[in-house]
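Heads up: the structure comes next, in structure tokens.
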């Protein structure tokens, strides 16, 4: 007989929240705000070209090796390429602030996120987040903006752990925060690779929330089209 769930982990992006406008547009707007504070004149268009080039390189490393490249690292690299010199700490920190604020403000909660999380908060189970994100502050800003922070006992991000889903390391770290065994935990997410695959190989029960009907075959123990549909099952695990 399986153990009752001690903790339920949720992915953040496209599980609890989605984007108000497309991510590249958010980045373009943030770079326009950064442009006037640079020590030399560089067009926002050129800044975005350099950002995109760096993003592709970093994303390859992230995907192949499941390591995070935190915003403090990639922002400094980007600014160095943009201005052709070492950026000051003040410039790096201000640019990070602008990006973090823009990305956090762009998130909106799915309409079934609050009802589902509120119901689970009344059940004898702990709630946590496991999210792949290069800035822990972005994740916290999103949760604050959509008023979900208070429901979660721990927020685990790849930015703080250094490891990305689907690597077992980030799941093991999250379990350690709750002193829980894998069989006492559930992973809820939209990504078959990151959330379901990672959770499965780490020994967690898994719940796929496939809002956009992208997954044909899944390793998930349970699959639903929304959190609303998954709510009753999550309460009973």
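Bear in mind that the values in this text are calculations on the coordinates, not laboratory data. Please read these numbers as outputs of a predicted model, since none were measured by experiment. Ideal geometry is used to build each Cβ from the backbone, glycine not excepted, and the neighbour counts take in all protein chains shown.
The table for this structure:
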| read-out | value |
| --- | --- |
| Inter-label distance for residue 86 and residue 56, nm, one decimal - labels placed 7 Å from Cα along Cα-to-Cβ | 3.0 |
| Additional length obtainable on full extension of the chain from residue 3 to residue 172, 0.36 nm per residue less Cα span | 59.1 nm |
| Choice from 160, 15, 60 with maximal GNM fluctuation in the chain (Cα, 10 Å cutoff) | 60 |
| Candidates 183, 45, 59: whichever shows maximal mean-square fluctuation once the chain is modelled as a Gaussian network with Cα springs under 10 Å | 45 |
| FRET efficiency, 1/(1 + (r/R0)^6) with R0 30 Å, evaluated for residue 215 and residue 183 via beta carbons | 0.80 |
| Rg ratio (alpha-carbon, reference 2.2 N^0.38 Å) - the range 55-157 | 1.30 |
| Two-site label geometry, residue 37 and residue 226: point separation in nm, points 7 Å out along Cα→Cβ | 4.0 |
| Zero-based 10 Å bins, Cα pair distances in the range 23-105, whole percents | 17, 55, 26, 2 |
| Folded to 0 to 90 degrees: helix 23-34 orientation relative to the chain principal axis, Cα | 40 |
| Between helix 71-83 and the chain: long-axis angle, C-alpha atoms, 0 to 90°, nearest 10 | 20 |
| Residues of the range 126-166 with amide N under 18 Å of a point placed 7 Å along Cα→Cβ from residue 114 | 141-152 |
| Fewest-first sequence of 176, 75, 187 by Cβ atoms within 10 Å of each Cβ | 176, 75, 187 |
| Per-residue Cβ neighbour rank within 10 angstrom, fewest leading, 65, 114 | 65, 114 |
| Packing-based exposure ordering (other Cβ within 10 Å, fewest first) of 136, 194 | 136, 194 |
| Area projected by the alpha carbon convex hull of the chain, averaged over all directions, nm² | 12.8 |
| Spatial separation of Cα centroids for the range 164-210 and the range 1-24, in angstrom | 11 |
| Modelled FRET efficiency - R0 22 Å, residue 72 with residue 21, Cβ distances, 0.05 increments | 0.30 |
| Scattering profile of the range 153-237 at q = 0.15, 0.17, 0.24 Å⁻¹ [log10 I(q)/I(0), Debye over alpha-carbon scatterers] | -0.52, -0.67, -1.21 |
